[in-house]
Every structure is written in C-alpha cells, then in structure tokens.
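Participant: Structure below; questions to follow.
Read-outs throughout are calculated quantities, based only on the coordinates presented, and are distinct from any laboratory measurement. Bear in mind that the values here come from a model prediction, so they are computed numbers and not experimental data. We place every Cβ from the backbone using ideal geometry, glycine too, and count neighbours over all the protein chains shown.
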Amino acid sequence: MKVLVVGTGAREHALALALSRDPAVTSLAVAPGNAGTVQVAEALPVDPLDPTAVASLARGFDLVVVGPEAPLVAGVADAVRAAGIPVFGPSAPAAQIEGSKTFAKQVMAAAGVPTAAADTCHTADEAVAALSARVPPYVVKADGLAAGKGVLVTEDLLAAEVFARDALATAGARVVIEDFLDGPEVSLFAVTDGTTVRPLLPAQDHKRVGDDDTGPNTGGMGAYAPLPWLPAGTVEDVTASVLQPVIDEMSRRGTPFSGLLYAGLAMTSRGPQVVEFNCRFGDPETQSVLALLDTPLAGLLLACATGQLANHPPLQWKPGASVTVVVAAENYPGTPVAGDDVVVGDLPDGVAVLHAGTALDDDRVVSSGGRVLSVTATGLSLADARDRAYLGLEAVTLRGGFWRSDIAAKAVRGEISVPTQEGS
C-alpha cells in the first residue's frame, strides 16, 4: 500500500511513524513534512491548503491521510475523493464541526448530545449581554479555527469582554459565549467511516502554557494515555450517547462524517459534557495514543476511507501507558523565536522524539514554529512512562526551549477525580 500523509506537525510525524511500522505499507510520503518526518518517509513539496495541488500529488497513492484541520476545512479531502483516491478525513462541509462552533452546537442540539448552554454573538453588545447573564468563570470562544488558542476561560469579566471584542474585530467573525463546565477534561478520538464508530484510547491534554495550568492557552503542552482515573464504562457510554448520535446526525443532514472525530469532554457532576469537537487527530494526544496502538494503522484508516470499518477486526492496544511532553520555542505562545539549532542526542529505551516546528537548513535542524518537538515515552505504568519522557528531555538541546514539568503528574499522584454525578 502506498500512503501519503498531508501536514507538517508532530501529529503527522506520529502518523508517519505508525504507518512506517505497518507491514502493509510499501511506500510512505509526507507532504510537505518537517525535519523529523524525513527520517521515516519521503518528503514531497506541496501547499497543504491547496486542494487541487494535493489531489494532483496524491495520484498513484492508495491512501491519503490528511492530518491538520485547516486543509480539511479548505476541502482537500473532497478534491482527493473526487480524483478517485481513498482519503482519511472528512469533507469540507463535515469539517465544519470544528470549523464553526455554532455549527457544532446545532449538531449537538439536534443529536441530543449534552453540552454547555451557549449564545452565538455577532456584535460586541450581544457578547457583553451574554457575558453579563452568566457567572464566572466566563468562557469565550472564537467561532472559527484558532489552532487551539481561540478560547478564553477567565474569572475577569472585563478580560472576557476584551477577548470577545478582539475576536469580533476579525471580518465576519462570531464568538460563542457558553457556560463553564466543571470537572477534568478528556480527549476521546474515534475513527469512523460515516456509519460505524470505533473509539480509541482516552487521553488528557494540558492546554495551558505553564505548570499547574497557569498562563494562556496553547495548542497543547503535553498529554498522556490512558486515564487511570476515568470511571469504567465511560468510553462505551460516550460512544453511545455522543459519538454515534453525532455521526448519525451528520449523515441525516447530508454531510456524512468520515475520518477522525475528536470529542473534547468535561467530566462534570452532570455526567460527560462535550466541550468541543475536532475533525482530525488532536496534537499532542495523537503522539501518546498512537504509541500504544498495536493494530496496524494503514488498514484501519483505509477501512474508514472505503466504508468498510464494520468489517475491521477489533482494535488491539499495547499494555502500559504513554506520556508526551512538548518542547516549545522561546516566547511561545506569542511569536516564537525561530532559527535556533535543534539537537537530539541518544534517547532512553521506549522514548521517541517527534518533530513539529522544525526545518532543515543544509545539514542543520532548526526551529521553525512554536511547538518544536514532542518527547513521547511508553512504559508499563503511567509513572514509568512519565519518568522516561522527562529522562528523554535531557537529550534535547534548544536555546530558549522550555516545557512543562508537570505533565501527567496529578494522574500519577492520584489527584484527579470525577465529580460525583448529581442524583447518584
């Protein structure tokens, strides 16, 4: 099988690494890729936001895997499908489940999916009124794509109003003001062919830039899987009450969703509630989840792309756990410092370094983005995986680079719990 992965980040590096280990894959390319993906796949130049260019490049491949959300919203998967090539990733209309938070709320309402009450605001006056009608913490979300940074959660009403005004200043922008959801968050991925849904291992992301969840939101500073504190049966319950109803509703609307549906959940005192949906593998959770997947990846994604997921064998997982720690560039999540040397030395057993914001400058690997590397480790326990990940960080050299020191720490210490459900 000849496989093409589209994208530039650590998610695409993780996908390429998993695909490279699949005996069914005879040829693997990443377009355009980064300085790490070239270690496991051929690099092919392309503008990932150009549907025509990607579809042209895809000719001769047996499967195309579109990694990031922006190409999906731009219609890259549609163009590849129109060329008659199997593609893992939803159509542009279906990708609006991430591209528009208003659309996602409409789908959830129609499907009966539990989520926070929300108001879509088109003007600053509407946003101020919606915020004034709520109690803190205030939750403000830019309606479109924002690379994980278009959300503000704050106790400060004035800060919430300023954030909403700034988001609305973008031409045609809307903001969504919604109620705050208590409880720890869970990232649950599911692969689907538009009818059948198969959940993957649950993971937890760390969004804030600083230890103890301080500072602004980022694209993600680390993740771990699975979740030892998650009540038994949660994945099955969420699949039945959230994932399958949403996939069914998307089909009913004439916008069937095929690919990876990502449900961001809050485990509240009222049960699991949806914070957001994404239309693709999440980063950095993908790095941890795929490190534990024992099922060959190419056949699974091809089954989704060809409507054959119901016939695919049950997923198999490696024992133990996985922890991912992101190495960020100086000044991230502001304008990151770029062009610094990235050096990775000898790594401990069970540790891999996945590239995100890197590029090749002759024979040098240099930083080119905010989140530069993902250090991912597996171990027989979560504590073991965490220890290995932080040991692996000692092999990384990046001037001004930094990372959180507490990824998965609360879970290892047993300090995360799900609120008791009301009425139980």
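Participant: Which of Ser288, Leu168, Leu4 sits closest to the plus end of the dipole of the chain, meaning its Cα is farthest towards the positive end, when Lys and Arg get +1 and Asp and Glu get -1 on the C-beta?
Facilitator: Leu4
Participant: Indicate, rounded to the nearest 5 percent, the antiparallel portion of the DSSP beta bridges found entirely in the chain. Kindly include the intermediate steps, with their values, before the conclusion.
Facilitator: Working: 62 of 77 bridges.
Given both bridge residues lie in the chain, the antiparallel proportion sits at roughly 80 percent.
Participant: Then there's this: Among Val113, Val274, Ala356, whose Cα lies farthest out toward the positive end of the dipole of the chain, if unit charges sit on the beta carbon of Lys, Arg (+1) and Asp, Glu (-1)?
Facilitator: Checked the options; the winner is Val113.
Participant: Now a separate question. Can you give the charge dipole size of the chain about its Cα centre, rounded to the nearest 20 debye, using +1 on the beta carbon of Lys and Arg and -1 on the beta carbon of Asp and Glu? Display every interim value, and only then the final one.
Facilitator: Numbers: 28 positive and 48 negative charges, 152 e Å.
About 740 debye.
Participant: Taking the Cα of Gln316, stepping 7 Å toward and past its beta carbon, and measuring to each backbone N in the stretch 255-297: which are under 13 Å?
Facilitator: Hits in the stretch 255-297 for Gln316 at 13 Å: 293-297.
Participant: Which one of Ser132, Ala55, Gly219 is farthest out on the positive end of the charge dipole of the chain, using unit charges on Cβ (Lys, Arg +1; Asp, Glu -1) and the Cα centre as origin?
Facilitator: Ala55
Participant: On to the next question. Can you sort Met267, Met221, Met1, Met108 by how many other beta carbons sit within 10 Å, fewest first?
Facilitator: On the way: Met267 25, Met221 30, Met1 17, Met108 22.
Ordered by Cβ neighbours within 10 Å, fewest first: Met1, Met108, Met267, Met221.
Participant: About the Cα centre of the stretch 263-369, what is the dipole size in debye to 20, counting +1 per Lys and Arg Cβ and -1 per Asp and Glu Cβ, all else neutral?
Facilitator: With only Lys, Arg, Asp and Glu charged at Cβ, the dipole is about 720 debye.
Participant: Another question about this same structure. Sort His13, His312 so that the residue with the fewest other Cβ atoms within 10 Å of its own Cβ comes first and the one with the most comes last.
Facilitator: On the way: His13 35, His312 17.
Final ranking by Cβ density, sparse to dense: His312, His13.
Participant: Just rank Thr123, Thr239, Thr286, fewest to most, by other beta-carbon atoms within 10 angstrom.
Facilitator: So the ranking, lowest neighbour count to highest, is Thr123, Thr239, Thr286.
Participant: Now, a different point. Based on the Cβ-Cβ distance from Ala169 to Gln308, what FRET efficiency comes out when R0 is 51 Å, to the nearest 0.05? Spell out each step's value before the answer.
Facilitator: On the way: r = 46 Å, r/R0 = 0.91.
After rounding to 0.05, the efficiency reads 0.65.
Participant: How large is the charge dipole for the stretch 321-412, taken about the Cα centre, if only the Cβ atoms of Lys, Arg (+1) and Asp, Glu (-1) carry charge, to the nearest 20 debye? Display every interim value, and only then the final one.
Facilitator: Details: 7 positive and 12 negative charges, 88 e Å.
That gives a dipole near 420 debye.
Participant: Could you compute the net charge surrounding Gln244? Neighbours are other residues with a C-beta less than 13 Å from the C-beta of Gln244; K and R count +1, D and E count -1.
Facilitator: Working: positive: Arg198, Arg252; negative: Asp193, Glu236, Asp237, Asp248, Glu249.
Local charge sum for Gln244: -3.
Participant: Under a point spin-label approximation (7 Å from Cα along Cα-to-Cβ), what is the Leu44-Ala24 distance to one decimal in nm?
Facilitator: With each label placed 7 Å out from Cα toward Cβ, I get 1.9 nm.
Participant: While we're on this one: Rounded if a/c is under 1.5, else prolate if a/b is larger than b/c, else oblate: which is the chain, with a ≥ b ≥ c the root eigenvalues of its Cα gyration tensor? It would help to have the intermediate numbers written out before the result.
Facilitator: Details: a/c = 1.31, a/b = 1.16, b/c = 1.13.
It is rounded, given that a/c, with a ≥ b ≥ c, falls under 1.5.
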